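These notes are about the structure you will find just below.
The values are calculated or read from the model by the stated rules, or taken from the named source; none is laboratory data. Not measured: the values here are computed from a predicted model. Reconstructed Cβ throughout: ideal geometry from the backbone, glycine too, with neighbour counts over all protein chains shown. Ligands, DNA and RNA are excluded from the accessible area calculation, which covers all protein heavy atoms including side chains. Shrake-Rupley method; radii C 1.70, N 1.55, O 1.52, S 1.80 Å.
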Amino acid sequence: MNEIKMVDLKGQYDKIKSEIDSAIQQVIDTTAFINGPAVQEFQKALEKYLGVKHVIPCANGTDALQVAMMGLHMQPGDEVITTSFTFIATAEVIALLGLTPVLVDVDPDTFNIDPEAIRKAITPKTKAIVPVHLFGQTADMEAIMQIAEEHNLYVIEDTCQAIGAEFTFSDGTTRQAGTIGHASGMSFFPSKNLGCYGDGGAIFTNDDALAQQLRVVVNHGMVVRYYHDFVGVNSRLDSIQAAVLKVKLGYLDEYIKARQKAAAFYDKAFANHPKLKTPVTAPFTTHVYHQYTLVTKDLDRDELQKFLTSKNVPAMIYYPVPMHLQKAYQDPRYKEGDFPVTEHLSKHVISLPMHTELDEEQLKFITEAVLEFANR
Ligand SMILES: *Cc1c(COP(=O)(O)O)cnc(C)c1O
């Protein structure tokens, strides 16, 4: 059996090596390393794939979220509602811009932000909502857009983990994750579902004026060359990364299917197990399984992780510490016990290997190892 990895980028590369190598070589041959044609080509291809008007490439997913907030002219003191159960970047950029993160709890089944909790957290200072499409399924965007409309708020989707997930509205129309809110931040970090071979990111929006603004923000606030209208940042997707992404975008649907197939294998193996709760997909979204995350019950999660490690099965805890309990984000407004669902999840979740190259032999080995521990 091949070594089991949390993410197998080498196995994935080996299958598309000639295409990737020639795409990279082409950039080197033309030396158009920054803003070369590969960047435009990828941007256009992604706009088409997502059915979104504008993709604005940038340096990484964290920048994408920050740039979106800058482009929407959010001001220090503005309150931004987001989830207490996410990767730190979401809260980080809010804090860095001097905005006030307002945390709310998540749904125990989907791990995504709870719309009712958003409603309760709104104050006259609230400016935006940042739903995170955690682990590969979308938050309840219809409910969230409804709340935003009622209260005149911006919605910035954190789509870093969910590219390709599809949201269905109650009238039956569907939209890609990241194309529903006013803007959306995306990461092309290598291990993400559409990952490059370094850092990369993008902002998505359907708003023409905002798109223009975002292109200025990522380019030093420069409207006309060497004339700077406001303080921007330098955040670019380089041409080599764009060339890699253009090739991989052609395989994204196939990659999503491979992840869903692995997830279905796990689901079947753990179905109705009293100690293992398999992921629950909300009825309004597809799941692209950036992570396959179990919630354990009546078993020692950390001991399970150790047991799996001893069998050379990697497993990760996403995320062990909720936002409000992080040292850097201590805030007198929040204390332990405030977000019971998030706190429970942080103590009981465990993510199993999930990538495009898992084969049946590996999946069988992983599930047997998990069950051996859970059944003893
Ligand atoms: C990966 C990730 C980010 C940050 O992306 P980078 O490209 O690493 O900056 C932000 N939010 C979430 C939910 C992520 O998973």
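For the reader, a short list of remarks on this structure follows.
- The one condition from (1) surrounded by fewer than 16 Cβ atoms within 10 Å (Cβ to Cβ); (2) in contact with a Leu (Cβ under 9 Å, 6 or more places away or on another chain); (3) not in a helix (DSSP H, G or I) that residue 371 does not meet is (3).
- Residue match in region 51-65 (condition: open to solvent by 70 Å² or more (accessible area, probe 1.4 Å), within 14 Å of the ligand (Cβ to nearest atom) and more than 21 Å from residue 212 (Cβ to Cβ)): no
Okay, residues lined up against (1) in the same structural domain as residue 202 (by TED's automatic domain parsing); (2) away from the ligand (no atom under 16 Å from the Cβ); (3) free of Cβ contacts under 8 Å to residues at least 24 places away in the same chain; (4) in a loop (DSSP other than H, G, I, E, B):
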site	(1), (2), (3), (4)
32	yes, yes, no, yes
48	yes, yes, yes, no
68	yes, no, no, no
86	yes, no, no, yes
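- Filter result for residue 131 (closer than 26 Å to residue 295 by Cβ and surrounded by fewer than 22 Cβ atoms within 10 Å (Cβ to Cβ)): no
- Qualifying residue in region 219-230 (condition: more than 16 Å from the ligand (Cβ to nearest atom), assigned to a helix (DSSP H, G or I) and farther than 24 Å from residue 352 by Cβ): no
- Considering residues of region 111-121 that are aliphatic (A, V, I, L, M) and over 19 Å from the mean Cα position of the chain (by Cα) only, the residue surrounded by the most Cβ atoms within 10 Å (Cβ to Cβ): 118
- From the options 108, 124, residue that is away from the ligand (no atom under 16 Å from the Cβ), in contact with a His (Cβ under 9 Å, 6 or more places away or on another chain) and open to solvent by 10 Å² or more (accessible area, probe 1.4 Å): 108
- For region 150-163, taking the residues that are in a loop (DSSP other than H, G, I, E, B) and surrounded by fewer than 23 Cβ atoms within 10 Å (Cβ to Cβ), the one that is farthest from the ligand (Cβ to nearest atom) is identified as 152.
- Residue list for region 257-303, filter: outside any helix (DSSP H, G or I) and open to solvent by 60 Å² or more (accessible area, probe 1.4 Å): 272, 274, 277, 283, 297, 298, 300
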